[in-house]
Structures are given as structure tokens and as C-alpha cells.
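Read the structure below first, then the notes.
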Amino acid sequence: MRTRDIDKEQLVKQKAIECIVKDGLEGFSMNKLAKACKISVATLYIYYKDRDDLIIKIAQEEGLRMAEAMLKDFDVEASFEDGMRVQWKNRYKHMMDNPFIGVFFDQLRSSSYHAQFMETFKKNFEVSISKFMHNALERGEINEMPLEVYWSVAYAPLYSLIRFHNEGHSIGGSPFQISDEILWATFDLVIKALRN
């Protein structure tokens, strides 16, 4: 039996994400991945049972990595604005350091893998965010609202800016590059909207 090569395994994960982003889940295959990695298909089966196992394990691992990144220096006792600022900073850094990950997660969101991905992601993340939100509500810093409304106002603007940046143009087709000024001006608008 052949042994696992950690560097090769990392290459496989990286190329799998890139292939899924490029071709979508429907266009993704073990053969294409092996070709992109310049390895044999048999080598992939050292690391994963099959295509589904590969996608699920990578999704779960990336979900955990993202949850850990989002909770870095995050204090559930912080004021709402300070806690949100840390969340934006962490999410922004993680997405900018991993430009394919947002599109990869978008692919998962509309697939049968989504539930397994969310289950792993939420384990580490949900408790801290729930406590933070409970504290903000108790202090009267924000009003109670459905989770979907909160997320849409709190984070969708950030992810839209990052998407425009990664695509290199705005919704109207003009060149776009994110800056700290744009990022934090948008953040200020989000905080204002959530407090009203």
C-alpha cells in the first residue's frame, strides 16, 4: 500500500477547489483532478474513497478553517460594533487570502453537499456567534430580527465587495478594486443599518 504524501495531499485539495470553481460541481471529476495535479487517478484514491468523499472532506476542512479564521481574536463579550468589526476583518482577510474559497462555498450552497458542510462549519462557530448576538440584544445594541435578515444586512455587503474585487469590475462593468476606505465605509453603513 502506498503512503500519503502531505504536500501532494495539499496540492490535491488546492487543485480540487480550483477545478470546482472553474468547472462547477457537475464538471468536476477525479480524472480532471488527477490531470490538473499531474498525478495518476489511482493516487487520488490513497487520500479519498471517491469523488463524494473528496468533496465532503475538503468542504468540511475548509469550513473548519473558515470558522477558526472568523473567530480569531473574537470576544463574545465585546460591544456589537467591536465584535462586528473583528468579524469583518477576519472574514475579509480569509476571503482575500483564499480567493477561490467564496466561489467554492457558493458551489456547495446549491448542492447536496451543503448540509454536511454547514453541519461541520456551525459546530465551532454557532455557539460563539449566538452568545455574541444574545449579549448585543440584552444590552439593547440591536433589535431582534430573523437570522436571514441579520445576515443579509451584516455580511452580504462584505461578500459582494469581495466578489466585485475578485471579478475585477463592479456590477456596471467599471473596474473595481476594494480598498480599506471602501471596506470600512461600507462597514459603517452596515452598523448604522443594524442599529436602526
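The values are calculated or read from the model by the stated rules, or taken from the named source; none is laboratory data. This is a predicted model, so every value here is computed, not measured. Neighbour counts run over all protein chains shown; Cβ positions are idealised from the backbone, glycine included. Side chains included, ligands, DNA and RNA excluded: accessible areas come from the protein's heavy atoms. Shrake-Rupley method; radii C 1.70, N 1.55, O 1.52, S 1.80 Å.
Taking the stretch 54-86 as the search range and keeping residues that are in contact (Cβ under 8 Å) with a residue 60 or more places away in the chain and of a type outside the set (A, V, I, L, M), which one is surrounded by the fewest Cβ atoms within 10 Å (Cβ to Cβ)?
Looking only at the stretch 54-86, we keep the residues that are in contact (Cβ under 8 Å) with a residue 60 or more places away in the chain, and these are 56, 59-60, 64, 79-81, 84-85.
Now narrow it down to the ones that are of a type outside the set (A, V, I, L, M): 60, 79-81, 85.
Details: GLN60: 18, SER79: 13, PHE80: 19, GLU81: 16, ARG85: 16.
The extreme case among them is SER79.
Mind checking whether some residue in the stretch 21-31 is buried (at least 16 other Cβ atoms within 10 Å of the Cβ), touching a residue at least 12 places away in the same chain (Cβ under 8 Å) and within 24 Å of TYR92 (Cα to Cα)?
yes
How many residues, within the stretch 47-68, are modelled with pLDDT of 95 or more and closer than 13 Å to PHE125 by Cα?
0
Within the stretch 106-128, take every residue that is under 30 Å from LEU25 (Cα atoms) and aliphatic (A, V, I, L, M) and give me the one that is surrounded by the fewest Cβ atoms within 10 Å (Cβ to Cβ).
Residues of the stretch 106-128 that are under 30 Å from LEU25 (Cα atoms), as a first pass: 106-126.
Applying the additional criterion that residues be aliphatic (A, V, I, L, M) yields 108, 115, 118.
Details: LEU108: 23, ALA115: 9, MET118: 17.
This residue is ALA115.
Would a scan of the stretch 150-157 turn up a residue that is farther than 19 Å from ARG85 by Cα and either free of Cβ contacts under 8 Å to residues at least 12 places away in the same chain or over 21 Å from the mean Cα position of the chain (by Cα) (or both)?
Of all residues in the stretch 150-157, those farther than 19 Å from ARG85 by Cα come to none.
Among the residues of the stretch 150-157, not one is farther than 19 Å from ARG85 by Cα and either free of Cβ contacts under 8 Å to residues at least 12 places away in the same chain or over 21 Å from the mean Cα position of the chain (by Cα) (or both), which makes the answer no.
Search the stretch 77-87 for residues being part of a helix (DSSP H, G or I) and not β-branched (Val, Ile, Thr), and hand back the single one that is nearest to GLY63 (Cα to Cα). Explain how you work it out, then say what you get.
So the first thing to find is which residues in the stretch 77-87 are part of a helix (DSSP H, G or I), and the list is 80-87.
Next, only the ones that are not β-branched (Val, Ile, Thr) stay: 80-85, 87.
Working: PHE80: 24, GLU81: 25, ASP82: 24, GLY83: 20, MET84: 20, ARG85: 21, GLN87: 15 Å.
It comes out as GLN87.
With the structure loaded, tell me whether LEU64 is within 20 Å of the chain's Cα centre (by Cα) and part of a helix (DSSP H, G or I) or whether it fails that test. Don't jump to the end; show me each part of the working.
On the way: within 20 Å of the chain's Cα centre (by Cα): yes; part of a helix (DSSP H, G or I): yes.
In short, yes.
Within the stretch 179-193, count every residue that is of a type in the set (Ser, Thr, Tyr) and either in contact with a strand residue (DSSP E or B) (Cβ under 6 Å, 6 or more places away or on another chain) or open to solvent by 80 Å² or more (accessible area, probe 1.4 Å) (or both).
Within the stretch 179-193, the first condition is being of a type in the set (Ser, Thr, Tyr), and the residues that meet it are 179, 186.
Still in the running and either in contact with a strand residue (DSSP E or B) (Cβ under 6 Å, 6 or more places away or on another chain) or open to solvent by 80 Å² or more (accessible area, probe 1.4 Å) (or both): none.
The total comes to 0.
Out of all the residues in the stretch 43-53, which are open to solvent by less than 20 Å² (accessible area, probe 1.4 Å) and not in a helix (DSSP H, G or I)?
TYR48
Could you tell me how many of the residues in the stretch 1-42 are within 21 Å of ASP106 (Cα to Cα), over 20 Å from the mean Cα position of the chain (by Cα) and assigned to a helix (DSSP H, G or I)?
Adding up the residues that qualify gives 3.
For GLU144, state whether it is of a type outside the set (Phe, Trp, Tyr), open to solvent by 90 Å² or more (accessible area, probe 1.4 Å) and more than 25 Å from ALA185 (Cα to Cα). So that I can check it myself, show each step before the final result.
Working: of a type outside the set (Phe, Trp, Tyr): yes; open to solvent by 90 Å² or more (accessible area, probe 1.4 Å): yes; more than 25 Å from ALA185 (Cα to Cα): no.
So GLU144 fails the test.
Which of the residues spanning the stretch 91-105 are open to solvent by less than 50 Å² (accessible area, probe 1.4 Å) and farther than 14 Å from TRP184 by Cβ?
The initial filter retains those residues of the stretch 91-105 that are open to solvent by less than 50 Å² (accessible area, probe 1.4 Å), namely 91-92, 94-95, 98, 101-102, 104-105.
Selection gives HIS94, MET95, ASN98, ILE101, GLY102, PHE104, PHE105.
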